[in-house]
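Each remark here refers to the structure printed beneath this line.
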Number of protein chains: 6
Amino acid sequence: MYSVCVRDHFMIAHSFAGEVFGPAQHMHGATYVVDVEFRRPQLDDDGLVVDIGLASAVLREVLALLNYRNLDLLPEFAGRNTTTEFLAKVVFDRMATAVTDGRLGASAAGLTSLRVTLHESHLAWAAFEAELAAR
Amino acid sequence: MYSVCVRDHFMIAHSFAGEVFGPAQHMHGATYVVDVEFRRPQLDDDGLVVDIGLASAVLREVLALLNYRNLDLLPEFAGRNTTTEFLAKVVFDRMATAVTDGRLGASAAGLTSLRVTLHESHLAWAAFEAELAAR
Amino acid sequence: MYSVCVRDHFMIAHSFAGEVFGPAQHMHGATYVVDVEFRRPQLDDDGLVVDIGLASAVLREVLALLNYRNLDLLPEFAGRNTTTEFLAKVVFDRMATAVTDGRLGASAAGLTSLRVTLHESHLAWAAFEAELAAR
Amino acid sequence: MYSVCVRDHFMIAHSFAGEVFGPAQHMHGATYVVDVEFRRPQLDDDGLVVDIGLASAVLREVLALLNYRNLDLLPEFAGRNTTTEFLAKVVFDRMATAVTDGRLGASAAGLTSLRVTLHESHLAWAAFEAELAAR
Amino acid sequence: MYSVCVRDHFMIAHSFAGEVFGPAQHMHGATYVVDVEFRRPQLDDDGLVVDIGLASAVLREVLALLNYRNLDLLPEFAGRNTTTEFLAKVVFDRMATAVTDGRLGASAAGLTSLRVTLHESHLAWAAFEAELAAR
Amino acid sequence: MYSVCVRDHFMIAHSFAGEVFGPAQHMHGATYVVDVEFRRPQLDDDGLVVDIGLASAVLREVLALLNYRNLDLLPEFAGRNTTTEFLAKVVFDRMATAVTDGRLGASAAGLTSLRVTLHESHLAWAAFEAELAAR
């Protein structure tokens, strides 16, 4: 299995509901450094897993919808705790849709799975990974 | 599959038996930077893989039994080479027991696997991972 | 010159005033990974620059006043842009006061300067450093 | 499953053919920081996944054939784009052959899979992994 | 003294002249991860060392003239070994000129020094730093 | 001012005397990842701060005298706490002597200062730096 991974980041504000979150129930924020790993069993005709320039551009577009936002105000997250693991899934879903919609190029049809990792500090990260076929 | 990972470290002395170890047969030591990755297919009701505060606290307790010790003197390791890969399994077993015993909270029952990585330098690391169901 | 550095982090929400900030004028947030470097020309009688346990504990106390907060609501920052470089100075001042007040132990009187670095992402950091004698 | 990983690097020049590569069609170069992860379900009699000294030495030999070279001039890569993902497979194949040939020691026969990762910058990496049994 | 640092990278081919370089006399290449640190004793009216968006954009322009190039073919480097330390000075000079020319904004006139670091692998880096007043 | 930095590591056992050290009074150990930064105001005739191959080889020799040792048993450290900051000075002194003795080549006579940093974990490091002229 081949992988290619690209990195970017976004910075948001949010708060959590639930006693388990302790002081994180207050409005606070985070920088998330995001790694998106693309996987496929065979390279395309150019010797690539994915066009890395296109992958970086699409990731930037996906993160731009979250970057510099207060996630508590976004309708799509109403009633949800936007934990790091939850947001990893959000980025996964949007990147997977971009693959399906052809926004990463025709050869990206050969991709079989993605893994999205969000680093929230030097001490913790969360990830979501799944097959693309399951979609 | 969702993952959450927390990081901590411990510092120990030990020596190895066997010619394969060369100069590491002498008493020496290491800093191990430890990553524990918790995995589950579904988030809990709070949107979490695991209570990260609880996970960090339990990891600290587990490492406290090894930290600042000469591993050659610990009865549970008598006759064993406490290599990095061996210690990764030790930390895995103790963290897995903590999950099973409910020390990471009731919702941690949804965890399905763990991966423990010990970084011994900027050039080398070892890991152990397994399903929790196999226990 | 000797140095010792300890690392911790905090997570906050804030917004900025001024066109130069572009989308960062919205409420957003950041994780700041903080390095505090303590400097002195001679070691103390124990062979130390500073008691690293005490230094870490005091840094944790200093960051606890910022962690999980919306900085826009803190009276001491009213009318100020809490940029990364501004916050580096805030942490510097509070750590320097702790040194002066003896909270890092008697031997910390030998410290001559501090450097505080705040990493805001994998792409950017800010720092403030100064002599302690200038205080 | 146990893992041990060792790190080294190599520095090469090359150029790519195909419009998808944009300015990378020019002669340019890269530093590749290489991680080779060795995996097996049981430790050997010494408590090891692999003799880390031997693994590092063999990796160095494998990379020496690529280091400080213009890959466009190497006959074995004629007509191929030596992308990061392609090179990850090249290093995988050579390390796998070394395992099979006994160059990592007799106990390395217990290894079941390898993963080779090439970091090309702080923003991107590529990897290739496979079972050794498939060879 | 305040600092702000931004990171980017470029990938080049080159060769060196002189026996001291050993195998690096062959055409090879490198990824350079570049950190540019901007320093000044007082923040500007917005609470900034430098407009980080502008600084990143100018750095990108400066590196674009080197990125994906064979440095042996660039007239400005004829007869010179483009070592990592030499290139750190090249990037310094071009960033310093950008400051002087006002390309980092009017408030950048308050900058007093720069430090440019080029990371060439996980094992080595080079830097050049100087006062801007000396120009 | 130009800098070049090379990285290596060593792994030792030791114990500390003094209540300030708490549990570190027990025999324990550490991995120290070592950065040695060489500085000079002008490059040599080859465009170098130092011959990086020679610098790495000498650093390896210096660290070999400490690597895989119990520092409590080394006569030169009798009665001393081999703290991270103390060891940074030890490595500094030995590297500075190597420069003075010509072991880094004739052109290394142009070096004016060194900085030695020992990273003991992901949370802490210590350093010693000084002019070489002061020797």
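The values are calculated or read from the model by the stated rules, or taken from the named source; none is laboratory data. Computed from a predicted model, the values in this text were never measured in an experiment. Here Cβ is always computed from backbone atoms with ideal geometry, including for glycine, and neighbour counts include all displayed protein chains. Accessible surface areas use protein heavy atoms only, side chains included; no ligands, DNA or RNA. Shrake-Rupley method; radii C 1.70, N 1.55, O 1.52, S 1.80 Å.
Brief remarks follow.
- Top-ranked residue of the range C:44-74 - restricted to ones that are free of Cβ contacts under 8 Å to residues at least 60 places away in the same chain, of a type in the set (D, E, K, R) and open to solvent by 50 Å² or more (accessible area, probe 1.4 Å), ranked as nearest to the other protein chains (Cβ to nearest Cβ): C:ARG69
- Restricting attention to the range F:25-43, the residues that are among the polar types (S, T, N, Q), open to solvent by 40 Å² or more (accessible area, probe 1.4 Å) and touching a residue at least 60 places away in the same chain (Cβ under 8 Å) add up to 1.
- Total residues in the range F:47-74, condition small (Gly, Ala, Ser) and either outside any helix (DSSP H, G or I) or touching a strand residue (DSSP E or B) at 6+ places or on another chain (Cβ under 9 Å) (or both): 4
- Members of the range C:8-24 that are at the interface with another protein chain (Cβ under 7 Å from one of its Cβ atoms) and without any contact (Cβ under 8 Å) to a residue 40 or more places away in the chain: C:VAL20, C:GLY22, C:PRO23, C:ALA24
- Taken over the range E:75-120, the criterion of being touching a strand residue (DSSP E or B) at 6+ places or on another chain (Cβ under 7 Å) and either in a strand (DSSP E or B) or open to solvent by 20 Å² or more (accessible area, probe 1.4 Å) (or both) is satisfied by E:LYS89, E:GLY110, E:THR112, E:SER113, E:LEU114, E:ARG115, E:VAL116, E:THR117, E:LEU118, E:HIS119, E:GLU120.
- The set of residues from the range D:25-43 being away from chain E (no Cβ under 14 Å) and of a type in the set (S, T, N, Q) comprises just one member, D:GLN42.
- Selection over the range C:1-23 of residues that are part of a strand (DSSP E or B) and either open to solvent by 10 Å² or more (accessible area, probe 1.4 Å) or within 20 Å of E:SER107 (Cα to Cα) (or both) gives a count of 5.
- Condition check for D:ARG39: under 11 Å from the mean Cα position of the chain (by Cα) and part of a strand (DSSP E or B): no
- Restricting attention to the range E:109-135, the residues that are away from chain F (no Cβ under 14 Å) and in contact (Cβ under 8 Å) with a residue 60 or more places away in the chain add up to 3.
- The combined condition, being touching a helix residue (DSSP H, G or I) at 6+ places or on another chain (Cβ under 6 Å) and among the aromatic types (Phe, Trp, Tyr), is not fulfilled by A:PHE86.
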